[in-house]
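Here is the structure we will look at, set down as structure tokens.
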Amino acid sequence: MKRILSMALSVVMVLSMLIAFSACGSDSDWAKIEKDGYFTCGITVYAPMNYFDDDGNLVGFDTEFAKAVAKELGVEAKFQVIEWPNKYLELESGAIDLIWNGFTYGLESDGVSRTEYVDFTRSYLENKQCLVTKADKVDELNDIEKLKGLKAVVEGGSSGQGVANELTGSEDNVTTFASQAAALMELMAGNADFAVIDYQMANAMVGQGDYADLAINSAYEPESEVYAIGCRKGSDLTEKVNEAIDKLYANGTLEEIAAKYNLTGSLIPADENK
Amino acid sequence: MAFLEIKGLKKQFGNTKVLHGIDFSMEKGEVVAVIGSSGGGKTTFLRCLNFLEMANEGTISIEDGFYFDAGKVYSPAEIRDMRLKLGMVFQSFNLFPQYNALENVYIPLQLRSKEKIKASIPFGKARREAINAAQIENKAKAMDLLVDVGLSDKAENYPCQLSGGQQQRVAIARALAQEPSILCFDEPTSALDPELTGEVLRVIKELKDKGRTMLVVTHEMEFARNVADRVIFFADGVIEEQGTPEEVFGNPKSPKTAAFVK
Amino acid sequence: MDLGTITLKLLDGFGVTCLLFLLTLVLSLPLGLIISFGSMSKFKPLSLTVRTFVWIIRGTPLMLQLFVVFYVPGMLFDVRLFSGDNGRFLAALVAFVINYACYFSEIFRGGIQSIPRGQYEAAQVLGMTSKETFFNVILMQVVKRILAPISNEVITLVKDTSLARVIAVAEIFFINEMDFLSRGLVWPLFYIAVFFLIFVGALTLFFGWCEKKLSYYKV
């Protein structure tokens, strides 16, 4: 109710904003964040990075990580659930300041490096792409050769999309969705033969709870990749976040958070991250 | 000067000349029937009198009313005032469907009253009271007029519940409510079934008996012959012939008239 | 998660849906009337501009318009027109209002132009000003004529609101995906259908009532 009321009120605000729409100078990203007192992270919802606990609170490794960085910088971290395929639009238009959601340092599905679109911060967590099938199909689909020509589902614009294209042999066999969770839904519903998602998510969610019918399929042995945070090209925020990450490594905070979410083994040691 | 005096009235649409300089006059209490074949310009003539079309040239004057010169520019408000001097009854009635018979008659009146009141009384209770008083007065006046046209029992009925003849009688009452100096009719019975024309013509005849000045464009030759004081025959944008019904119907001078009335 | 929690969460999202619906309706109907006057204007440059605008808005997907309103100012001009917690909602509202106003304007235009000339002329000879003519004579006839197409648009609007999710407005479907679908809960989708059915049912009854109210006259 409160939310609805505040929305109604802000209608009045936008009208005045449209009128007072002046060229509001081009502050640097950091200057603006300092002024506003917060930065906004674009996320999708999945464990263990950003998800809702049973009380409806947003938790997760990336959630706490972002809050810790914000604290170091003396600002607040806000989280905005976005449609993953729109992530660069969101970032470029300023609707979010950071892509911080198990964002893999690597390539888009069309082979273009993500560094074309964003500036990456230091990497912090290891990840790999992971093949997920129905639990009762694991034995049957025990060789990646058998995946050729099958139907795959992935999150649009994810690292897994490129992998799925390769595994099925054609991008025509791959259907994309707005989030990894939505892709898993499709798999559950039997609309596809396999999904390619982040290992960290699969590890935390597949085979249990609502996804009990699914299993990680080890037929595919991926190369290891890393997570980093995506900032607007040329933004001075990148440097600020890097500094904060260094401090969080040094004082052990990051290790603590990783332990809390069973990610200690995946955390990249302080001297190895780039 | 005659009661209504029209001089050199011309009207053209694009390159088509419809009225070629009409000179016409009529006296108070006179009933003039305008006849002629379609396209002869009689309806345009009537519409120019009501300023539904603006004449290109010529003057129109009413003795107790106004003087209009097509060469001058008038404001919409001035046109509106002049218009009210000439009532108009349409072929297709044009009653407002969302209002009942009584409302059709009194709402235009009430709008005029409101306008006057708002101009003279600035704000507040006094204005509201004046408007309410005007409403009562206008309603009573409208009711009287419905009685005159024999529709007192249909006051609450909506146009869709009335027969064509009844609708036209409401339209006549509505035009009379404006207290026009001259009442114009544009083929008032053409849209009616033959058995319904009688009641409308009877009302017009009664108005004549009360001394109304009326200009009636009509196809009802019987009516023109029996009710009109004078008949004018329109052909090709000019008044081809005019005179008493006996003269025009009994002994037409122009061959065009003769061909038409035969 | 129990039914109560899910209901509350969905109601929260449905609140946003309803608010978006109501505000869009309240703002786009009068705006649509103004646009219809613009497109009927005798001043050619104005009517041409307005008609081109209506063509563009009706000719492009609402989804694209949502993107343009929300993302383009920031991308091209470095202006954050819709910042703050409710920025996404406001951007969606702006896009919806413009889009629906254009559709409504065409319905109004059709309605107004379908009123016979005789009605205007009768009002004229009775001494009404053009403003009086419109509000006392024409408007109610237009309302009656356009009630059916308007009710169609309104019901479409109820369901179109879910499109706001493409810019991550927390309406009911977005909430559903974020909170339930992401955990593999499918049945709330059908639960949502019930919300919409009830809402549209109420609207249908309302329009039926309006139609009945206006049935005393024919136009």
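Looking only at residues in segment B:85-131 that are surrounded by 18 or more Cβ atoms within 10 Å (Cβ to Cβ) and among the aromatic types (F, W, Y), which one is farthest from the chain's Cα centre (by Cα)?
Among those residues, the one meeting the criterion is B:Y99.
Please indicate, with yes or no, whether at least one residue in segment A:148-165 is within 27 Å of A:E92 (Cα to Cα), in contact with a Pro (Cβ under 6 Å, 6 or more places away or on another chain) and not assigned by TED's automatic domain parsing to the domain that holds A:G42.
Yes, segment A:148-165 contains a residue that is within 27 Å of A:E92 (Cα to Cα), in contact with a Pro (Cβ under 6 Å, 6 or more places away or on another chain) and not assigned by TED's automatic domain parsing to the domain that holds A:G42.
Is there a residue being under 21 Å from B:M54 (Cβ atoms) and either in contact with an Asp or Glu (Cβ under 7 Å, 6 or more places away or on another chain) or modelled with pLDDT under 90 (or both) anywhere in segment B:100-108?
Looking through segment B:100-108, none of the residues is under 21 Å from B:M54 (Cβ atoms) and either in contact with an Asp or Glu (Cβ under 7 Å, 6 or more places away or on another chain) or modelled with pLDDT under 90 (or both).
Would you pick out the residues in segment B:222-255 that are over 15 Å from B:F185 (Cβ atoms) and aliphatic (A, V, I, L, M)?
B:A235, B:V238, B:I239, B:V248
For residues in segment A:32-47 being touching a residue at least 60 places away in the same chain (Cβ under 8 Å) and more than 13 Å from A:C231 (Cβ to Cβ), which is nearest to the chain's Cα centre (by Cα)?
For segment A:32-47, the residue satisfying everything is A:T44.
Would a scan of segment C:98-112 turn up a residue that is within 9 Å of another protein chain (Cβ to nearest Cβ) and surrounded by fewer than 22 Cβ atoms within 10 Å (Cβ to Cβ)?
no
Can you say whether A:Y211 is among the hydroxyl-bearing types (S, T, Y), out of contact with any strand residue (DSSP E or B) (no Cβ under 7 Å at 6 or more places or on another chain) and modelled with pLDDT of 90 or more, as far as the supplied structure shows?
no
How about segment B:101-125: which of its residues are of a type outside the set (K, R) and out of contact with any helix residue (DSSP H, G or I) (no Cβ under 9 Å at 6 or more places or on another chain)?
Correct list: B:A119, B:P122, B:F123, B:G124.
Of all residues in segment A:204-236, which are touching a residue at least 60 places away in the same chain (Cβ under 8 Å), within 27 Å of A:S113 (Cβ to Cβ) and not hydrophobic (A, V, I, L, M, F, W, C)?
Those that are touching a residue at least 60 places away in the same chain (Cβ under 8 Å), within 27 Å of A:S113 (Cβ to Cβ) and not hydrophobic (A, V, I, L, M, F, W, C): A:Y220, A:P222, A:E223, A:S224, A:E225, A:Y227, A:G230, A:R232, A:K233, A:G234, A:S235, A:D236.
Given the residues A:K87, A:K78, which is the only one that is modelled with pLDDT of 90 or more, outside any strand (DSSP E or B) and within 22 Å of A:S235 (Cβ to Cβ)?
Going through A:K87, A:K78 in turn, the sole match is A:K87.
Quick check: is even one residue across segment A:184-195 within 11 Å of chain C (Cβ to nearest Cβ), under 21 Å from A:N262 (Cα atoms) and surrounded by 24 or more Cβ atoms within 10 Å (Cβ to Cβ)?
The answer is no, given that none of the residues of segment A:184-195 is within 11 Å of chain C (Cβ to nearest Cβ), under 21 Å from A:N262 (Cα atoms) and surrounded by 24 or more Cβ atoms within 10 Å (Cβ to Cβ).
In segment C:113-130, which residue that is among the hydrophobic types (A, V, I, L, M, F, W, C) and touching a Lys or Arg at 6+ places or on another chain (Cβ under 9 Å) is farthest from the other protein chains (Cβ to nearest Cβ)?
Filtering first and then ranking leaves C:I115.
Looking at (1) within 14 Å of chain A (Cβ to nearest Cβ); (2) at pLDDT 90 or above; (3) buried (at least 20 other Cβ atoms within 10 Å of the Cβ); (4) more than 13 Å from the chain's Cα centre (by Cα), which is the one condition that is false for C:V94?
Here C:V94 clears every test but (4).
Among the residues of segment B:60-72, are any among the aliphatic types (A, V, I, L, M) and touching a helix residue (DSSP H, G or I) at 6+ places or on another chain (Cβ under 6 Å)?
no
Based on what the data block shows, is C:V169 surrounded by 19 or more Cβ atoms within 10 Å (Cβ to Cβ), in contact with a Phe, Trp or Tyr (Cβ under 8 Å, 6 or more places away or on another chain) and away from chain A (no Cβ under 14 Å)?
So C:V169 does not fit the description; no.
If you go through segment A:91-106 one residue at a time, how many are part of a helix (DSSP H, G or I) and buried (at least 24 other Cβ atoms within 10 Å of the Cβ)?
The qualifying residues number 1.
Is there a residue in segment C:73-91 that is surrounded by fewer than 18 Cβ atoms within 10 Å (Cβ to Cβ), among the small types (G, A, S) and away from chain A (no Cβ under 14 Å)?
no
Every residue in segment B:240-261 that is in contact with a helix residue (DSSP H, G or I) (Cβ under 8 Å, 6 or more places away or on another chain) and part of a helix (DSSP H, G or I), please.
Residues satisfying the conditions are B:P245, B:V248, B:F249, B:T257, B:V261.
Could you run through segment A:209-227 and say how many residues are within 21 Å of the chain's Cα centre (by Cα) and part of a loop (DSSP other than H, G, I, E, B)?
2
When you scan segment A:35-72, how many residues do you find that are away from chain C (no Cβ under 14 Å) and in contact with a Lys or Arg (Cβ under 6 Å, 6 or more places away or on another chain)?
Final tally of qualifying residues: 1.
Which residues, taken from segment C:1-26, are more than 17 Å from C:E153 (Cβ to Cβ) and among the aliphatic types (A, V, I, L, M)?
C:M1, C:L3, C:I6, C:L8, C:L10, C:L11, C:V16, C:L19
Return a yes/no flag: does segment B:214-235 have any residue that is over 23 Å from B:K42 (Cβ atoms) and without any contact (Cβ under 8 Å) to a residue 24 or more places away in the chain.
No, segment B:214-235 contains no residue that is over 23 Å from B:K42 (Cβ atoms) and without any contact (Cβ under 8 Å) to a residue 24 or more places away in the chain.
From B:Q91, B:Q98, which residue is at the interface with chain C (Cβ under 10 Å from one of its Cβ atoms), in contact with a strand residue (DSSP E or B) (Cβ under 7 Å, 6 or more places away or on another chain) and part of a loop (DSSP other than H, G, I, E, B)?
B:Q91
Filter segment B:191-225 down to the residues that are in contact with a helix residue (DSSP H, G or I) (Cβ under 9 Å, 6 or more places away or on another chain) and among the hydroxyl-bearing types (S, T, Y) and list them by number.
B:T197, B:T218
Here is a list of conditions, (1) within 14 Å of another protein chain (Cβ to nearest Cβ); (2) without any contact (Cβ under 8 Å) to a residue 40 or more places away in the chain, and C:F70 meets all of them except one; can you say which number that is?
(2)
Residues checked against (1) surrounded by 16 or more Cβ atoms within 10 Å (Cβ to Cβ); (2) more than 18 Å from A:A182 (Cβ to Cβ); (3) touching a residue at least 24 places away in the same chain (Cβ under 8 Å); (4) away from chain A (no Cβ under 14 Å):
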| site | (1), (2), (3), (4) |
| --- | --- |
| C:F174 | yes, no, yes, no |
| C:M178 | yes, no, no, no |
| C:L181 | yes, no, no, no |
| C:P188 | yes, no, yes, no |
| C:F195 | yes, yes, yes, yes |
| C:F199 | yes, yes, yes, yes |
| C:T204 | no, yes, yes, yes |
| C:C210 | no, yes, yes, yes |
| C:Y217 | yes, yes, yes, yes |
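Need a quick list: strands (runs of 3 or more DSSP E) entirely within segment B:18-79 having at least 1 residues that are touching a Lys or Arg at 6+ places or on another chain (Cβ under 8 Å) and surrounded by fewer than 17 Cβ atoms within 10 Å (Cβ to Cβ).
By residue number, B:57-62.
The values are calculated or read from the model by the stated rules, or taken from the named source; none is laboratory data. It should be emphasised that the depicted structure is a prediction, and the values quoted were computed from it without experimental measurement. Cβ coordinates were reconstructed from backbone atoms using ideal geometry, including for glycine residues, and neighbour counts include every protein chain displayed.
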